């Protein structure tokens with residue numbers, strides 16, 4: 001992951017429930033979800049799989065993109081994921097071995 005970058009990520013659970021968030025450290029944030037350090041929705045629904053992410057140089061652009069995606073219908077979010085990750089593979093597989 002790039003220093004000084006910001007990430008918008010879409011995460012999911014095995015049932016394909018979705019969560020979209022912003023972070024400046026994607027590897028750390030995904031691990032926090034996997035270890036259930038983040039209380040609330042993602043912990044309750046076991047949302048631990050990284051499905052999609054985008055990189056930005058400016059936090060304002062990352063936040064705007066997160067808000068845009070959060071405003072979409074579920075079908076559009078799924079289309080975005082499947083445009084680059086058709087099989088819903090956890091993109092973080094192997095990061096922590």
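The values are calculated or read from the model by the stated rules, or taken from the named source; none is laboratory data. Computed from a prediction, not measured in an experiment: that's the story for all the values here. Positions of Cβ are generated from backbone atoms using ideal geometry, with glycine treated the same way; all protein chains shown enter the neighbour counts.
Which ones in the range 33-60 are touching a residue at least 24 places away in the same chain (Cβ under 8 Å) and either loosely packed, with under 15 Cβ neighbours inside 10 Å or assigned to a loop (DSSP other than H, G, I, E, B) (or both)?
Filtering the range 33-60 for residues touching a residue at least 24 places away in the same chain (Cβ under 8 Å) gives 34, 42, 45-59.
45, 46, 47, 48, 55, 57, 58, 59, listed by residue number.
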What do you reckon, is residue 69 assigned to a loop (DSSP other than H, G, I, E, B), surrounded by 15 or more Cβ atoms within 10 Å (Cβ to Cβ), in contact (Cβ under 8 Å) with a residue 12 or more places away in the chain and touching a helix residue (DSSP H, G or I) at 6+ places or on another chain (Cβ under 7 Å)?
no
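For residue 80, state whether it is at pLDDT 95 or above, part of a helix (DSSP H, G or I), touching a helix residue (DSSP H, G or I) at 6+ places or on another chain (Cβ under 8 Å) and within 22 Å of residue 24 (Cα to Cα).
Answer is yes for this residue.
Out of the residues in the range 2-19 that are surrounded by fewer than 18 Cβ atoms within 10 Å (Cβ to Cβ) and in contact (Cβ under 8 Å) with a residue 40 or more places away in the chain, state the one that is farthest from residue 79 (Cα to Cα).
Here the answer is 4.
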